[in-house]
Amino acid sequence: MVVKKELLKFQGHNHFRQRLVLATLSGKSIRIQNIRTDDQEHTGLTEISYTGTSLTYHPGVISGGAINHDCPKTRAIGYFLEPLVALAPFCKTPLSLTLNGITNDNIDVSVDSIRTVLLPQLQRFGVSDGIELKINKRGAVPNGGGQVTFTCPIVKQLKPVQFTDSGLIKRIRGIAYCTRMSPQMANRVVESARGILTRYIPDVYIYTDVYKGNESGASPGYALSLVAESTTDALISTECAYQPRKKAKLQEFDQSKMFQESVNPVAEEEGLSSMLANDYNFPTPEDLGVRTARQLLTEIKKGGTVDTISQWLNLLFITLGPEDVGKIRVGALSPFTIQYLRDLKTFFGTTFKLNPDKETRTVVLTSVGVGFTNINKKVT
Amino acid sequence: MEQSAPKAHRARNAGPKAEKKKKHTKNLEKNNPKAFAPKSGRNAERTARRNMDLGQKKLHVPQVDRSADEPPPIIVAVVGPPGTGKTTLIKSLVKRFTKHNLTEINGPVTVVSGKTRRLTFIECNNDINSMVDIGKVADLVLLLIDASYGFEMETFEFLNILQSHGFPKVMGVLTHLDKFKDSKRLRKTKKVLKQRFWTEIYQGAKLFYLSGLINGRYPKNEIMNLSRFISVMKFRPLIWRNTHPYMLADRMEDLTDPEKVRVEPKCDRTVSLYGYLRGTNLKANSKVHIPGVGDLSIENISILPDPCPIPDKTRKLLNEKHKLIYAPMSDVGGIMYDKDAVYINVPGAFTKSQNPDEEVGYGEKMVQNLQDASQTLEETMKGSTLQIFNSSKPLANLEEESDYESDMEEDFQEEDEEDSDDEDETDYESEVEEVDANDKRNRRKVRKPVVENENEEEKIEYADSDSDMGLDDDEEDPFEDDDEEVDIGIDGTLHWKENLIEQAEKRFNSTKRVNLMDLVYNTDYMPYDNPESEEYEDVDDSDLFKVKKVDNHKIKSLAFVDTCKVEVPDELLAEWEDEDTLDELASRFFIKGTEEKTGENDEEGDFEDLEKQDETQEEQQEEELTLEEQRDINAKRKEELKKKFDAQYDGEEDEDEGKTFYETQKEELARQQQMNREEFEGDSPEVRAQIEGYRAGTYVRIVFKNMPCEFVELFNPEYPVIVGGLLASEEQFGFLQVRIKKHRWGRKILKTNDPLIFSLGWRRFQTMPLYSLFSEATRNRMLKYTPEHMHCLATFYGPITPQNTGFCCLQSVSERKEAFRIAATGVVLDIDRTSEVVKKLKLTGTPYKVFKNTAFVKDMFTSSLEVAKMEGAAIRTVSGIRGQVKKALPKPEGYFRATFEDKILMSDIIFLRAWYPVKPKKYYNPVTSLLLQEKTKWKGMRTNGQIRREENLKLEQNKDSFYKPIERKTRRFNKLQIPKSLASSLPFATKPKLLSKRNKPSLLTRRAVVKDAEEKKVTHFINQLNTVRNEKAAKAKVKNAEKRAEYIKKKKAVEEMDVMKRKERAKEYYKQEGQKRAREAASAGGRPAKKAKKQ
């Protein structure tokens, strides 16, 4: 009797990464069709098939080891690193990954946030010894030139996590980086962000991280990422990066337009940055500091034990845990998370119980793991 | 004479004096511990150490017990060779538990054995497939041993199967003890069997003795004791079963449309299997494996009422009424089971009699008429009509639900209109209701949805309570139209009566409660952020439930670019300019002293702040408090401070102190288990099934589509059907690397690429393993055969199974060729999609030109491409001179230049040692034994040897592989030629000495010896002595030979006698044995076939 191999089918270009990650972990083959078929300029993934609008993926073994990859300048390193953070604990051999590209931008999660927010959360799931993300070089939009090294140990099975006590914020940490600009920029960012946050709590410390020479990447830029830590070790983070002005707004100022274009021959308006609703070309660094601090307050106000950027990882690792109850509390479900929940159901058959807590205006997500074990790991 | 020591006192062991002593010794150690203190430190230390050792030995790695609060029945498998009394034992036990006499046993028999326990008995037949399957699911094995015969191979095979799949509890049962007439022999046999049983399981394993039969059943007392042992037995979770769901099917039903079967008898069937779920929770859409059938996906699971429920726990004793038995495949009292009902076949009053004239009662007639019905109820309903009002059209053909609904709505409408006259009187009341509703609205304005960014196309609401969401028609429907909002005008007038019809319709349609889970899982709702919209501030009902169709392309949102970041719009950040908003958030921050204690996380917690805080509070209150109260407060404060100081001074005083690591781990697991049980307690069964899957212990019906028709047609309830759940990764196939060892009882070693049947995980399958050994820590080198007494690695293609899973191998499941069928056992080590097994490849060549360190080599390669691939490879001559492949030569194809560390000879053979990758064959063939007419006759791929044997083929041998006689030519070395000029200039010592060969003997050899008289005498005398000695020796030799011949003759006679005696003894034994067998066969009578199997 032959059992036909099932092929899960998906439509569209969005949520591409999570589907690949989930397919790899669940071992299910997938087909993604109609990738940007209606986009005239950037139809499909030009490198994959003849039309580039569909792909089939048969997952294999996650081998790990030493890998070096140059990320394209269209997406930041965070775009590539995020799914790998989820895969790394399940490799055959421990992963040692070097990625080159843009370290901070406003679309993808920056490497700082991954280092200070995502990775500490892995410890709760039992992935602890030897997990590290080292930022060797910084690279800003548009030319990048940054480099990070990510090392991660392998585990056999994750631990179940019940994390619903959000606690109170006890300290705030942050990193303000600055490359190819006056180091004063970082200091000014720190000053303004601290001004808002010290109102609540004295324990606010924002590091300045100024890169020079070889380590400073190809483009000038600065950014701030903030992490609030609660008494129960919940991490609430936010970040903001300086991004050069958009073309559309430049039309009004001819002078600056010329200046901008000479600096950045790559036109900014098209592509992904067009999806940004806000303008990140701040007149002064103080504006960026204030904005980030306020974003942090918004995030804190939402509540929960898990912040927006790490919701998906917690959900995924609860699903992959042993057949025990795991739960987390989130302030608000982001669109990304909602899709993640649906995809988790498609791949693993796991449904989360979503329990709105009206007092704190948060949602408690509860589920039972599928008993996933790292089948790639070798035993002796 | 030495005085002997006085006779030592011997205390009495029996009698009243001894009794008296015993009475006092009972609690002696407890009452007087000092007297029992160890006298020597060494002894004390030794005892302590021993106790510690024993304590540590007891520990097991703690595991989460995932069994449900209402556990499934315990599977008690009764296993043993044929004729050991398995059926009799089950019948006796069932009779003991339920007072039921089973006539035949087909499939599992479930009985309620106590207030908290149920048992499922299953008999294991003599098929190795059944033994493998039952070994994987049994919780307790009753291993029946015919004591009069002793252990049989099946028993050992079964124990080996158990060992490789996780060892369940095993209890031995010795039967046929009544055959021993001699009690001494009985005792001896018991002892011998017990010792053998213990070495096989563990020292002290329980072995039960059942003496003979009484009325075809075992004696009551013995069965009662056995049942007590079974009822109190505790079980430890086994790893495989603690991570996989499974079910032992106790009923099978074919749901295929009979018409389809009639048209196409070989069509795939739809089959439902019934049973208790076991192990972990079974997810609705998971894959399963049915051993003997194959991989299947579950079509549908439904929970059925427990056919054999545990009685409610309040009662003290088990009532007769609760002693249930459930054995759907065995015939228990004429009960037949159908999908959801049980039928009792009783020929009674309602059965139609043959005689039509017979008088029947009214009720009986009605039932008999029903039996006559030619159409089904559905068909009759289609034809019937219904007229509700005189004026209205008769309703007919309720084909679709929607029709039915609309009709219902019409009815509602009419009714409502009739009622509306009365409505005026109740106006007041409804107004009050409206105000309430308004209140709720206002409250909700402040509330925010839980989904990110409220200003989207759709809004979600929060439920204040269940009823709040589900029952008020104003609130319940989250996708209401805008018009709906009109019903409360600004002026407060009520318009709600205007659209009563729509409301009624809505009330009818919206019975479902929309909650967050539905929104996420049952819709494709997606909250994209839309900063352009202005309604962000005024969140109110009208927006909350709007369904806006927004063109996705116009929205700027990060949700479209595959990132988990969410942008916060500028407008929202503006709220932080407001001081009040900023202050509101202060409660989220932890400020030392102001907060209630926050536990251990507060490392820097110093108490200055605390004191200050208290002081300020006190100052305010001081006037109001009396002195005593103040003192109380002070005392309390001091105590608190002291406690804090102590804690800091002595180090963190953990609650866990005094607990070992093991205990804390166990506690942690117990906490997790408690949480697993309690977390979803309040939810409905559907939600629970969705989230955690179908729990163990529930009785379910699993429907499978595409079941091969043979499963149904050739179904035999004697063979167990197991539904084993697979984890996500276990559906895939790949190369497994396992550590394997040939079983030491197996006769033959195993050959690489010979098909072998593996029992791994739930599956039984045939595959072709490639044996290898990890040599020199660098490569995995192929072995042609497994080592005799050593583990080796094997790589084969098969289903991916987690590491550390044990397995056992069989060479055949059909015929019994070897005495012991378990060929090998082992454990999974690694899973990969490729394999890196290599075998050695030696390439040889010969030099055709030799220079100093360089040589040109031929005959190793055939093309320069091959040479290019091996450039730089190490080569060696037979004499051990090492070298390297350099470069291919342009002219004769395949020739190359090589360098060596020394000059090689033209006669040297050069070889290159390389490693050639060997791929295991991608062969996987599940053992589909349940799909056969004769379940024991499954045949897989045969080995080459088998095929040759069966087809009478001769092995075709490669001519080149034959050994040929080695011809070694004598090597001739030429004379060393030294040129004359060189020789002349050499010093004398090194000059070649040219001496020609002598033709005549030399003078020395030719000379004559002349002895004088004295010398002659001596020589003569010596010769004489020698003659005498030689003569003596010759005589002795002759005599010895004679003696020896005699001895041999004697010995031969003795041996002959021995053989004769032995033959006689054997003849006597077989004669007796034959008579015994004949008697047994005669006494067994009804079951000669079963008995005949035993050889």
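Residues that are more than 11 Å from chain A (Cβ to nearest Cβ), of a type in the set (S, T, N, Q) and surrounded by 13 or more Cβ atoms within 10 Å (Cβ to Cβ) within the range B:665-690 comprise just one, B:Gln665.
When A:Gln339, A:Gln311, A:Gln295 are screened for being closer than 22 Å to B:Glu575 by Cβ, among the polar types (S, T, N, Q) and modelled with pLDDT of 90 or more, only A:Gln295 passes. Looking only at the range B:237-251, residues that are more than 18 Å from B:Thr120 (Cα to Cα) and of a type in the set (Lys, Arg) come to 0 in all.
Let's see how each residue does on (1) more than 14 Å from chain A (Cβ to nearest Cβ); (2) at pLDDT 95 or above:
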residue: B:Ala794; (1), (2): yes, yes
residue: B:Thr801; (1), (2): no, no
residue: B:Asp830; (1), (2): no, no
residue: B:Val837; (1), (2): yes, no
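Scanning the range B:711-743 for residues being of a type in the set (A, V, I, L, M) and part of a helix (DSSP H, G or I) gives a total of 2. With respect to the conditions (1) buried (at least 23 other Cβ atoms within 10 Å of the Cβ); (2) in contact with a Gly (Cβ under 7 Å, 6 or more places away or on another chain), A:Gly145 falls short on a single one, namely (1).
The residue list B:Asp295, B:Asp250 contains one member that is away from every other protein chain (no Cβ under 14 Å) and of a type outside the set (Phe, Trp, Tyr), which is B:Asp250.
Across the range B:67-92, the number of residues qualifying as crowded, with 23+ Cβ neighbours inside 10 Å, in contact with a helix residue (DSSP H, G or I) (Cβ under 8 Å, 6 or more places away or on another chain) and either part of a strand (DSSP E or B) or charged (D, E, K, R) (or both) comes to 4.
Annotation: of all residues in the range A:172-215 being acidic (Asp, Glu) and surrounded by fewer than 17 Cβ atoms within 10 Å (Cβ to Cβ), the one that is farthest from the chain's Cα centre (by Cα) is A:Glu191.
The lone criterion from (1) within 30 Å of A:Gln184 (Cα to Cα); (2) facing chain B (nearest Cβ under 7 Å); (3) without any contact (Cβ under 8 Å) to a residue 24 or more places away in the chain left unmet by A:Ile300 is number (3).
Looking only at residues of the range B:961-998 that are more than 27 Å from B:Leu905 (Cβ to Cβ) and of a type in the set (Gly, Ala, Ser), we find that the one that is modelled with the lowest pLDDT is B:Ser996.
Residue count for the range B:947-957, restricted to those that are of a type in the set (S, T, N, Q) and at pLDDT below 90: 1.
Condition check for B:Phe820 on (1) out of contact with any helix residue (DSSP H, G or I) (no Cβ under 8 Å at 6 or more places or on another chain); (2) in contact (Cβ under 8 Å) with a residue 12 or more places away in the chain; (3) surrounded by fewer than 21 Cβ atoms within 10 Å (Cβ to Cβ): one failure, at (1). If the condition is being under 23 Å from the mean Cα position of the chain (by Cα), more than 7 Å from every other protein chain (Cβ to nearest Cβ) and part of a strand (DSSP E or B), then the range A:325-380 contributes A:Gly326, A:Lys327, A:Ile328, A:Arg329, A:Val330, A:Thr362, A:Val364, A:Leu365.
Considering the conditions (1) surrounded by fewer than 21 Cβ atoms within 10 Å (Cβ to Cβ); (2) in contact (Cβ under 8 Å) with a residue 40 or more places away in the chain, B:Leu177 is excluded by exactly one of them, (2).
Does B:Tyr785 count as free of Cβ contacts under 8 Å to residues at least 40 places away in the same chain and buried (at least 22 other Cβ atoms within 10 Å of the Cβ)? For B:Tyr785, the condition - free of Cβ contacts under 8 Å to residues at least 40 places away in the same chain and buried (at least 22 other Cβ atoms within 10 Å of the Cβ) - is not met. If you check B:Phe774, B:Phe758 for being in a strand (DSSP E or B) and modelled with pLDDT of 95 or more, only one passes: B:Phe758. Restricting attention to the range B:133-153 and to residues that are under 27 Å from the mean Cα position of the chain (by Cα) and surrounded by fewer than 22 Cβ atoms within 10 Å (Cβ to Cβ), the residue that is farthest from B:Asn225 (Cα to Cα) turns out to be B:Met153.
The values are calculated or read from the model by the stated rules, or taken from the named source; none is laboratory data. Being a predicted model, the structure only gives us computed values, none of them experimental. Positions of Cβ are generated from backbone atoms using ideal geometry, with glycine treated the same way; all protein chains shown enter the neighbour counts.
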